[in-house]
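Everything below concerns the one structure shown next.
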Amino acid sequence: MSKEYEKELTKLRKEIDKIDQKIVELLNKRAKLAKKVGKLKKKYNKPIYVPGREQEIFERLEKLNQKYGEFPTSSIKPVFREIISACRSTEENLKVAYLGPRATFTHLASLKHFGQAVEHIPVSTTEDVFEELIKNRVDYGVVPVENTIEGAISHTLDLLIDYPLKITGEIVLEISLHLMSMNPNLSQIKRIYSHRFGFAESKNWLQKNMPNVQTIEVESTAKAAEIVKDDFEAAAIASEAAAELYGLHILERKIDIHPQNYTRFLIIGKNTPPPSENDKTTFIFSVKNEVGALYKVLEPLHRNKINMTKIESRPKKREAWDYIFFTDIEGHIQEPQVQKALEELKQKTPFFKILGSYPKAQ
């Protein structure tokens, strides 16, 4: 039985080795073509990174994979994201700034979107992400903009008003928080580090299971994980990626109170990507202080059959009791109906600014 097993196993492994060799050959052929694409784009001064094109590739390959049924369709996107990321690196070394340090959820969002084969650069504040772009030190930036539990992140919205940059994409990331430590013994933990949102999300579990343990706020969940790697009596509330990065034991999984906790991140850059098959446009505007002003401003959207998916008000920083409205609609600014509706809307407002047209997050 053992000999038969070994013989069959060897045979199957040889077949796998042949396939792996073929995959490597095809990857190199793909990289060679990607280089040619890069040279063509540079010749005609076209952007290397085109998010809509990547979205189309993922959707096409997922549909193609369903015909075969062996390889999990859910794995197609992460596998090809890294292939595309690696091939893109042969065209140009993209630099992406994100709100650091490493293993923050913003870092995970950047990795999810751009893959490993770009230069991910951590910075200390959200404003630093914008500054790195303005100073041409990076090609793109990733910043958090809203959470399903906490709502909009006001500082990011304010920066979008102030800086002459464009939203070029978005990422939606599920947030899961775990308790982790160098010490595998939960009963020996005397203090817990995390970001204030980490504590807010985990308060029920902490009150029930560790009511007498000291809690210490730090600037990020990733920083908390970094601190506890050198403190055997401490634990952190952070992401699984932070545990992997700092070699921590996960003592308790998913201690946050909301099962549906997602954060939306924006990719910011300097140019508007071309239309894809599934875009949204984000813009801001103000209204006159008169009866029915908001209705009058938004009426062109209804008349041109443009679907508004979100509207949120923010007080102006310089004028009391005056507001700016952040708005998302379906469609791309290059589409005639969208262009027409927004041009009409602009004529009705004291202030109007398009923040970007970009592919929707899948």
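FYI, it's all coordinate maths here, none of it is from the lab. Treat the numbers as computed from the prediction; the structure is a model and nothing was measured. A quick note on method: Cβ atoms are made from the backbone with ideal geometry, for glycine too, and the neighbour counts reach across all protein chains shown.
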>> At R0 = 41 Å, how high is the FRET efficiency between Ser124 and Glu290 if r is their beta carbon distance? Nearest 0.05 is fine.
In response: 0.45
> Of His113, Val218, Asn147, whose Cα points farthest to the positive end of the dipole of segment 109-225 (charges on the beta-carbon: +1 Lys, Arg; -1 Asp, Glu; origin at the Cα centre)?
Replying inline: Val218
>> Taking the beta-carbon count within 10 Å as an exposure proxy, list Leu294, Leu179 from fewest neighbours to most.
In response: Leu294, Leu179
>> Show me, for segment 135-144, the HN-Hα J-couplings you get by feeding each phi into the Karplus relation (A = 6.51, B = -1.76, C = 1.60, θ = phi - 60°), rounded to Hz, glycine and proline as x.
In response: 8, 6, 8, 9, 8, 9, x, 10, 9, x
> What number of lysine-lysine pairs in segment 61-165 show an alpha-carbon separation below 17 angstrom, given a sequence spacing of 8 or more or placement on distinct chains?
Replying inline: 5
> How big is the charge dipole of the chain about its Cα centre, in debye rounded to the nearest 20, if each Lys and Arg gets +1 on its Cβ and each Asp and Glu gets -1 on its Cβ?
Replying inline: 1340 debye
>> Please report the projected area of segment 237-362's Cα convex hull averaged over all directions, in nm².
In response: 11.8 nm²
>> Under the rule of at least 5 residues apart or a separate chain, name every residue whose amide H is placed under 5 Å from the amide H of Leu355.
In response: Thr282, Phe283, Ile284
>> Counting just the Cα atoms, what span does the chain cover along each of its three principal axes? Round to the nearest Å and put the largest first.
In response: 84, 60, 38
> Hey, got the dipole for segment 76-152? About the Cα centre, +1 on K and R Cβ, -1 on D and E Cβ, debye to the nearest 20?
Replying inline: 280 debye
>> I'd like the per residue volume of the convex hull spanned by the Cα atoms of segment 2-90, given in cubic angstrom.
In response: 112 Å³
>> For Asp279, what residues show an amide H to amide H distance below 5 Å, using hydrogens built from the backbone and excluding near sequence neighbours?
In response: Gly331, Lys360
>> As an exercise, use a Förster radius of 25 Å and the Cβ-Cβ distance of Lys353 and Arg53 to find the FRET efficiency, rounded to the nearest 0.05.
In response: 0.40
> In units of 2.2 N^0.38 Å, what is the alpha-carbon radius of gyration of segment 225-281?
Replying inline: 1.78
>> Sort 184-190, 238-244, 151-157 by packing, meaning the average of other beta carbons within 10 Å per residue, with the highest value first.
In response: 238-244, 151-157, 184-190
> Which whole-Hz couplings ³J(HN,Hα) result when phi for each residue of segment 287-299 is put into the Karplus expression 6.51 cos²θ - 1.76 cosθ + 1.60, θ = phi - 60°, listed in order with x for Gly and Pro?
Replying inline: 10, 6, 7, 8, 4, x, 4, 5, 4, 5, 5, 7, 4
> Given q = 0.12, 0.22, 0.25 Å⁻¹, what are the Debye log10 I(q)/I(0) values for segment 178-252, with equal point scatterers placed on the Cα positions and solvent ignored?
Replying inline: -0.24, -0.87, -1.15
>> Only four residue types carry charge here, +1 at the Cβ of Lys and Arg and -1 at the Cβ of Asp and Glu. Report the dipole size of segment 178-252 about the Cα centre in Debye, rounded to the nearest 20.
In response: 280 debye
> For segment 235-330, which chymotrypsin sites (Phe, Trp or Tyr not before Pro) are in a loop by DSSP, counting at most 15 other Cβ atoms within 10 Å?
Replying inline: Trp321
> Using modelled amide H (1.01 Å from N, peptide plane; none on Pro or chain starts), what sits under 5 Å from the amide H of Asp256, excluding residues fewer than 5 places away?
Replying inline: Leu177
>> Using Cα-Cα distances under 8 Å and only pairs 6 or more residues apart, what relative contact order does the chain have, in percent?
In response: 17 percent
>> Can you compute 3J(HN,Hα) from phi for each residue in segment 185-190, using the Karplus curve 6.51 cos²θ - 1.76 cosθ + 1.60 with θ = phi - 60°, rounded to whole Hz and x for Gly and Pro?
In response: 9, 4, 5, 8, 7, 10
> Can you sort Val291, Val143, Val172 so the residue with the fewest Cβ neighbours within 10 Å comes first?
Replying inline: Val291, Val172, Val143
> Where both residues lie in segment 1-156, what percent of DSSP beta bridges are antiparallel, nearest 5?
Replying inline: 20 percent
>> As a test, work out the antiparallel percent of DSSP beta bridges whose residues both lie in the chain, rounded to the nearest 5.
In response: 75 percent
> DSSP beta bridges in segment 178-252, what fraction antiparallel, as a percent rounded to 5?
Replying inline: 45 percent
> Along the charge dipole of the chain, Cβ charges K/R +1 and D/E -1, which of Leu355, Phe285, Ala341 sits furthest on the positive end?
Replying inline: Ala341
